[in-house]
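The values are calculated or read from the model by the stated rules, or taken from the named source; none is laboratory data. This one's a predicted model, so the numbers in the text were calculated from it and none came from an experiment. For neighbour counting, all protein chains shown are included, and Cβ atoms are generated from backbone atoms with ideal geometry for every residue, glycine included.
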Amino acid sequence: MTPTVSVVVPVYNQQPFVAEAINSLLRQTLSDFEIVALDDGSCDRSGAILDALAAQDHRIRVVHQLNMGRAVTRQRGIDISRGKYIAMMDPDDIAFPWRLERHFRFLEDHPDVVCVGAEHIKICPYGMEIAGSVHLHDHQGIVDRLRTGDGDALTQGASMFHRSAVDSVGGYNLTLKYGEDIEFFLRLSSIGLLANVSWPAIQYRQHPASANQSCTEDELIALQQSLAVLGVEWSPSQLLGPPRTLRERRSMFHLRCARIAMHQGAVHYCGKHLRDAIVGGVWASTTFREALSIAKDCVQVKWRQNSVAKSSSHSLCE
């Protein structure tokens, strides 16, 4: 029987997160779907985890391949899937239970829309919420943002589109290693409407190794050339900003998460991110001073939490 929705999940070295991602799809309120999980030459146990999950649920199909990159892997997933609609899912994200059903019903009710995205809630590697998203919902607003090279205008891992629309535009550009979503969505916009719904579809995991934080300048130049073919002027300098090493980005990311955790009162997460900022990042005086400042503030938060807990305990005993 042909499923209504096919969920394509490209997987590369996501052992810590992939089971949670797949299980979140298995808890969907929509039952008529399949999962096409492609192990893109992972060096960890991602492939074995996928095989174990597939053995327990017939809706999961696993494909193992040599490493081919994101665009090729996504397109291969589309090619071997069977659904009328295609949903994209990243292997480190978590889908809310309503995601597939609500997107499916939206596309059924809006036949002029060829692709729909959604809001998302950003989480850190440990699962702590760190931010929400604010997307434009109208077609022209989304297109205008995509033309600036803003891949967050329509989140690929929270998108669903018509298979017929993919066939019409020829699928993903297989030569791109970065920005394949931007170029693909812009071509889709030439044959129909793009949209974002106002509700969150996924918890969108952020970490220093995220694809959208680890692109090279060569990959950005390749995207610039592809967008030029589409008549869009864009320069990698608009996105790159000051050059930073991966270790510097890692420090900045974990310090930001530690600060958010401290303000949320999540002292355990704060401590983990401070450790990661120092151990895996750049050992610089500025990094150390900021980490120390956050640590002192977090200790104060913990003391206040302990005082409140003791006061509440005494009140219950009286």
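Restrict the check to region 32-53 and report whether at least one residue is among the small types (G, A, S), under 16 Å from A95 (Cα atoms) and assigned by TED's automatic domain parsing to the domain that holds Y178.
Step one: of region 32-53, the residues among the small types (G, A, S) are 37, 41-42, 46-48, 52.
Adding the requirement that they be under 16 Å from A95 (Cα atoms) leaves 37.
When the remaining residues are screened for being assigned by TED's automatic domain parsing to the domain that holds Y178, the result is 37.
So far as region 32-53 goes, yes, one or more of its residues are among the small types (G, A, S), under 16 Å from A95 (Cα atoms) and assigned by TED's automatic domain parsing to the domain that holds Y178.
May I ask you to say which residue of L38, L100 is buried (at least 22 other Cβ atoms within 10 Å of the Cβ), of a type in the set (A, V, I, L, M, F, W, C) and under 16 Å from A158 (Cβ atoms)? Even if it seems obvious, please write down each step before you answer.
On the way: L38 fails: under 16 Å from A158 (Cβ atoms).
Result of the check over L38, L100: L100.
Of the conditions (1) in contact with a strand residue (DSSP E or B) (Cβ under 7 Å, 6 or more places away or on another chain); (2) over 23 Å from L38 (Cβ atoms), A95 fails just one. Which one is it?
The one condition A95 does not meet is (2).
Which of the residues spanning region 261-278 are free of Cβ contacts under 8 Å to residues at least 24 places away in the same chain and closer than 15 Å to G127 by Cβ?
Answer for region 261-278, where residues must be free of Cβ contacts under 8 Å to residues at least 24 places away in the same chain and closer than 15 Å to G127 by Cβ: just H268.
Could you list, in sequence order, the residues of region 37-62 that are closer than 9 Å to V18 by Cβ and aliphatic (A, V, I, L, M)?
Of everything in region 37-62, those that are closer than 9 Å to V18 by Cβ and aliphatic (A, V, I, L, M) turn out to be A37, I49, L50, L53.
Are any residues in region 64-74 buried (at least 17 other Cβ atoms within 10 Å of the Cβ) and either at pLDDT 95 or above or within 16 Å of P3 (Cα to Cα) (or both), and if so, which ones?
Result: V72, T73, R74.
Determine, yes or no, whether P91 is touching a residue at least 24 places away in the same chain (Cβ under 8 Å), out of contact with any helix residue (DSSP H, G or I) (no Cβ under 7 Å at 6 or more places or on another chain) and either small (G, A, S) or within 30 Å of G271 (Cα to Cα) (or both).
Details: touching a residue at least 24 places away in the same chain (Cβ under 8 Å): yes; out of contact with any helix residue (DSSP H, G or I) (no Cβ under 7 Å at 6 or more places or on another chain): no; either small (G, A, S) or within 30 Å of G271 (Cα to Cα) (or both): yes.
So P91 does not fit the description; no.
When you look at P91, is it touching a Ser or Thr at 6+ places or on another chain (Cβ under 6 Å) and in the same structural domain as G41 (by TED's automatic domain parsing), yes or no?
Numbers: touching a Ser or Thr at 6+ places or on another chain (Cβ under 6 Å): no; in the same structural domain as G41 (by TED's automatic domain parsing): yes.
In short, no.
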